[in-house]
1. Within 11 Å, Cβ to Cβ, of residue 73, how many net charges do the neighbouring residues add up to if Lys/Arg are +1 and Asp/Glu are -1?
2. Counting only other residues whose beta carbon sits under 12 Å from that of residue 178, what net charge do I get with K and R as +1, D and E as -1?
3. Of the listed values (i) 38; (ii) 28; (iii) 34, grab the one calculated as percent of Cα pairs over 27 Å apart from the structure here.
4. Using the count of nearby Cβ atoms within 10 Å as a rough guide to exposure, how do 134, 27 rank from fewest to most?
5. Please compute the net charge surrounding residue 165, taking Lys and Arg as +1 and Asp and Glu as -1 over other residues with Cβ under 15 Å from its Cβ.
6. Only loop residues by DSSP count here, and only those with at most 14 other Cβ atoms within 10 Å; note down the GluC sites (Glu not before Pro) in region 102-174 that meet that.
7. What FRET efficiency do you get for residue 170 and residue 191 if R0 is 25 Å and r is their Cβ-Cβ distance, rounded to the nearest 0.05?
8. Find how much the distance from residue 2 to residue 104 grows on full extension, using 0.36 nm per residue of separation minus their present alpha carbon separation; answer in nm with one decimal.
Amino acid sequence: MWLVAAAAAGAAVGSKLLYWLGDPWMTLQRWDDPVYLMAGKTIVGGLLGGLVAVEGMKQRLGITRPTGDLFAIPLAVGMAIGRIGCFLSGLGDHTHGLPTGLPWGVDFGDGLRRHPTQLYEIGFLVLLVLWLRTRERQGHQEGDLFKAFMVGYMAFRLLIEFLKPGVPLMGLTAIQWTCLALLVYYRKDVARVLNGKGAMAHG
């Protein structure tokens with residue numbers, strides 16, 4: 001119960017903080033506008049905030065075993081469903097892509113055909129769920145599924161953000177820097193996945 005509560009609280013805080021850091025100059029200009037401050041959030045920030053809060057709570061409670069596997073597939077499914085809403089929201093949701101000349105570009109209402117990055121993400125998450133289910137059936141060590149989910153999703157978001165509008169900070173957006181930081185955090189697992197060396201390690 002405490003871990004679930006920590007995950008929810010951490011996700012709520014993290015999703016807001018990273019949204020504000022996504023355009024720090026705009027945030028500074030509108031720091032006293034409650035509508036702006038409360039309107040946006042980001043999945044990557046929510047995952048980071050939830051991870052930090054849960055790990056902190058586990059240390060406080062003396063829990064050493066991995067606890068994320070139960071959340072991996074439900075998180076991916078929930079995020080895919082949420083992106084349907086993002087796609088239907090159009091420009092107002094700020095999850096659309098940059099303009100494109102590709103035939104599957106979508107006009108979200110401003111007269112420009114844009115990358116439907118929400119649909120790209122839905123497709124990726126469906127494949128990720130299928131992959132996680134396969135690993136689940138094949139057997140795995142505790143912690144494997146959640147690490148695989150985090151590594152896969154953060155790598156995807158690091159790349160897909162190049163197709164989306166954003167405010168770069170030293171070449172990457174705040175979301176991309178966060179994805180990169182999490183991939184470094186899971187660096188041993190990233191190397192294992194890229195090298196195809198069996199199951200991801202316990203820990």
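Bear in mind that the values in this text are calculations on the coordinates, not laboratory data. The structure presented is a predicted model; accordingly, all values stated were derived computationally and were not measured. Using ideal geometry, Cβ is built from the backbone for each residue, glycine included, and neighbour counts are taken over all protein chains shown.
1. Its environment carries a net charge of 0.
2. Surrounding charge for residue 178 is 0.
3. (iii)
4. Lowest to highest Cβ neighbour count: 134, 27.
5. Summing Lys/Arg as +1 and Asp/Glu as -1 gives 0.
6. 142
7. The formula returns an efficiency of 0.50 here.
8. Computed gain between residue 2 and residue 104 is 32.2 nm.
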